[in-house]
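I have placed the structure first, in the form of structure tokens, so that the comments after it can refer back to it.
FYI, it's all coordinate maths here, none of it is from the lab. Computed from a prediction, not measured in an experiment: that's the story for all the values here.
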Amino acid sequence: MAVLHGDDPLAGQPHLPWKLLAGRDIAVFSKGNIQRLVGALAESHRLMLNTRYQVDYIETLYGLVRSRLAIAILPELYTTTYAIRS
């Protein structure tokens with residue numbers, strides 16, 4: 001799941017193709033499988049995704065999104081219990 005700032009031009013789209021994330025700064029968890037899955041998906045779609053931030057904590061991911069520094073890619077589980085407030 002991609003988490004974007006509400007002001008982002010891509011926010012609110014029901015479907016977000018991976019190719020629209022090319023050229024954008026991406027934030028992922030440093031541990032777990034998400035980083036590897038994002039890399040595999042990018043490779044299979046022949047995209048160059050810029051995984052600029054690899055962080056340990058969910059608050060850091062959301063902080064990067066709130067600050068408009070990155071789009072966070074994380075498991076949907078983390079998005080169902082937390083609302084981002086500006």
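Close amide H contacts of Arg52 (hydrogens built in the peptide plane, cut-off under 5 Å, sequence separation of 5 or more or a different chain): Ile26.
With N as its number of residues, the stretch 1-76 has a Cα radius of gyration that, divided by 2.2 N^0.38 Å, comes to 1.01. Taking the DSSP beta bridges with both ends in the chain, the antiparallel portion is around 20 percent.
Computed per residue of the chain from DSSP H runs no shorter than four, each worth -39500 (n - 2.57), the mean residue ellipticity at 222 nm is -7000 deg cm²/dmol.
If you average 1/r over all unlike Cα pairs in the stretch 1-40 and invert the result, what Kirkwood radius do you get in angstrom? Result for the stretch 1-40 stands at 11.5 Å.
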